[in-house]
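Remarks on the structure that follows.
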Amino acid sequence: MPVSPIEGKSSGVPFLVAAGIVYEIIAAACSSPQTAEINAKSRADTLMKWVYIGLAESFLFILIAAMVDPTHAAAIVSGGLLAAGIMYASYVHAKSTGLASAEPGTEDWS
C-alpha cells in the first residue's frame, strides 16, 4: 500500500502529525510513566484524571482525522487505538507498581 495519498490531497496524516507532535512535546516535558510510578503515592488520582482527559482528547483528534481522511480512516483509528491502549496500560501499570513500592517518591511535601 502506498504511503502517499491516492487521488488528490489528503489532510488526515498532516493533521495527526501536527496534533501529535504538540501532544508528544507537552507530555514529554510534563510526565512519563516512570515519573508517575515514582510519585504514585502522592499523585495517583490526579495522574489518572489527566490520563483519562488525554485519552478523551486523543479520541477526538482521531475521530476528526478519520472523518477528514476517510480513505485512511481504518489506519488512523487502528493506530490511535493501539497507541491509546499501550499508553493507558503503561500508566495503569505505573500507578499500580508505584503504589505497591516501598521506595520513596521524589517529591517532598513537608
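Highest GNM mean-square fluctuation among 77, 92, 17, for the chain modelled with Cα contacts below 10 Å: 17. Please check: in the Gaussian network model of the chain (C-alpha springs, under 10 Å), which one of 24, 37, 57 has the largest mean-square fluctuation. Evaluated over the chain, the most mobile residue of the options is 24.
Can you give me the angle between helix 73-100 and the longest principal axis of the chain, using Cα atoms only, in degrees from 0 to 90, rounded to the nearest 10? On a 0 to 90 degree scale, this one is about 0. The angle between the Cα long axis of helix 12-30 and the main principal axis of the chain comes to about 10°, on a 0 to 90 degree scale. Arranged from fewest to most other beta-carbon atoms within 10 Å of their beta carbon, 71, 106 become 106, 71. Counting only DSSP H runs of at least 4 residues, each contributing -39500 (n - 2.57), and dividing by the residue count of the chain, the helix-based mean residue ellipticity at 222 nm comes to -26000 deg cm²/dmol. At an R0 of 30 angstrom, the distance between the Cβ atoms of residue 101 and residue 18 translates into a FRET efficiency of 0.20. Taking Cα atoms only, the orientation of helix 40-68 departs from the longest principal axis of the chain by about 0 degrees. You can think of it this way: the chain between residue 78 and residue 63 has 4.3 nm of extra reach, that is 0.36 nm per residue less the Cα-Cα gap.
A short reminder: the numbers here are calculations on the coordinates, not readings from a lab. Fair warning: this is a prediction, and the values are worked out from it, not measured in the lab. Every residue, glycine among them, receives a Cβ derived from its backbone with ideal geometry; neighbour counts consider all protein chains shown.
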